[in-house]
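The values are calculated or read from the model by the stated rules, or taken from the named source; none is laboratory data. Keep in mind the model is a prediction, meaning the values are calculated, not measured. As a convention, Cβ positions derive from the backbone with ideal geometry for all residues, glycine included, and neighbour counts pool all protein chains shown. Side chains are part of the model used for accessible areas, which takes the heavy atoms of the whole protein and leaves out ligands, DNA and RNA. Shrake-Rupley method; radii C 1.70, N 1.55, O 1.52, S 1.80 Å.
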Amino acid sequence: MEAAAPAGAVTSLLRRATGKLCTWNILKTIALGQMLSLCICGTAITSQYLAERYKVNTPMLQSFINYCLLFLIYTMMLAFQSGSDNLFYILKRKWWKYILLGLADVEANYLIVRAYQYTTLTSVQLLDCFGIPVLMALSWFILYSRYRVIHFVAVAVCLLGVGTMVGADILAGREDSSGGDVLTGDVLVLLGASLYAVSNVCEEYIVKKLSRQEFLGMVGLFGTIVSGIQLLIVEYKDIASIHWDWKIALLFVAFALCMFCLYSFMPLVIKVTSATSVNLGILTADLYSLFFGLFLFGYKFSWLYIMSFAVIMVGFVLYCSMPTRTAEPPESSVPPATSHGIDNPGLKLEENAQETHSVSL
């Protein structure tokens, strides 16, 4: 009887843990995160096809098309809104803030792509993870997010999965030869990752306290302006040298659609989770690109890729299993958040239901 008691306690604990980790809200969060990863995978595959098969390297042109789509849809939507949601009302009050946001978003995309010309694929994959601790720090001070021990453990597990993926790349011979200045490339990756973190924190702030349409409309407006100016400065020769045909045009369209879907859906996912959990979820995007690359580019397969995917997903589920809390901000004129200070409202509802049930018992 005494031996059966510990076994029963362990079984009960496992059931409780499984019930907490396999809830509908966590499964939905995983599905949404992997949908974003597939969008990123689509942009990576089309960009690589353009670069390897057709020698087209125009990341700023590709981003410019995406910002134009955002402008035509979401900025125009704001133009027909009334009251405080109107485009001109927003520009009158916050134009300089959105210029900085558009600049951060455009340069984050550009710096990461540019870094590949100087440093290795391994360095980019590893140093790009620098954005996650930066994002958590910014969320702590700007969004007043407060993390628990399990969140730091989950992030460490996800980064371990990224390390496994990088090791698999090296063993499979995917480590590209770098350019002449590795240090420059590494600095560009760190700057790009930091700007991504800034953009994502601003996105979470705007989406949860203002509206998704405002964020996308303003990014579309100022992203189009900034990327258009930078396009004329740094890529006009590359664009002039493109030998256009329907295949190249189709790849540009596919890239733009994948990027547009990513920008359109990410605010929806961030609203029900957080920017940090979204960034952990999309760490699998490189693995999806690899799996497609096995057939399209002749990559070598390694079981370490499957292991790294599993490790990243375990860390992601751990992070989503426990909601963060939000500290009370100092008094300000900022409108109240609609997320109620938690990472995943569904998880909090389930916790409250369990607590109520325990009290009643």
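Largest to smallest in accessible area, the residues Asp169, Asp186 fall in the order Asp186, Asp169 (1.4 Å probe, all protein chains included). Of the residues Cys158, Cys258, the one with the largest accessible area comes first in the ranking Cys258, Cys158, computed with a 1.4 Å probe on protein heavy atoms. Distance between the pseudo-spin-label points of Leu232 and Phe152 (7 Å out from Cα toward the beta carbon): 5.0 nm.
Would you mind calculating the relative contact order of segment 57-162 from Cα pairs under 8 angstrom and at least 6 residues apart, reporting the percent as a whole number?
Numbers: 25 pairs, mean separation 19.2, N = 106.
It comes to 18 percent, rounded to a whole number.
Our compactness index for segment 241-281, the C-alpha radius of gyration over the empirical 2.2 N^0.38 Å, is 1.68.
Cβ under 14 Å from Gly102's Cβ, Gly102 left aside: what net charge do those residues give with Lys, Arg +1 and Asp, Glu -1?
Charge balance near Gly102 sits at -2.
Multiplying the residue separation of Ile225 and Gln48 by 0.36 nm and removing their Cα-Cα distance gives an extension gain of 61.1 nm.
Accessible area ranking (1.4 Å probe, heavy atoms, ligands and nucleic acids excluded), largest first, for Cys41, Cys202: Cys202, Cys41.
Computed with a 1.4 Å probe on the full set of protein chains, the accessible area for Leu100 sits at about 100 Å². For Lys237, the lysines whose Cα falls under 23 Å of its own Cα, not counting residues fewer than eight places away in the same chain, are Lys55, Lys247. Taking 23 Å as the straight-line reach from the Cα of Lys208, the lysines in range (excluding those fewer than 8 positions away in the same chain) are Lys28, Lys92, Lys94, Lys97, Lys271, Lys348.
What length, rounded to one decimal in nm, is gained on full extension from Gln117 through to Leu160, with 0.36 nm per residue of separation minus their alpha-carbon distance? Intermediate values should be presented prior to the final figure.
Working: separation 43, 0.36 × 43 = 15.48 nm, distance 2.60 nm.
In short, 12.9 nm is gained.
Other residues with beta-carbon under 12 Å from the beta-carbon of Gln62 carry, at +1 per Lys or Arg and -1 per Asp or Glu, a net charge of -2.
Full extension of the chain segment joining Leu250 with Lys94 gains 52.4 nm, where the gain is 0.36 nm per residue of separation less the Cα-Cα distance.
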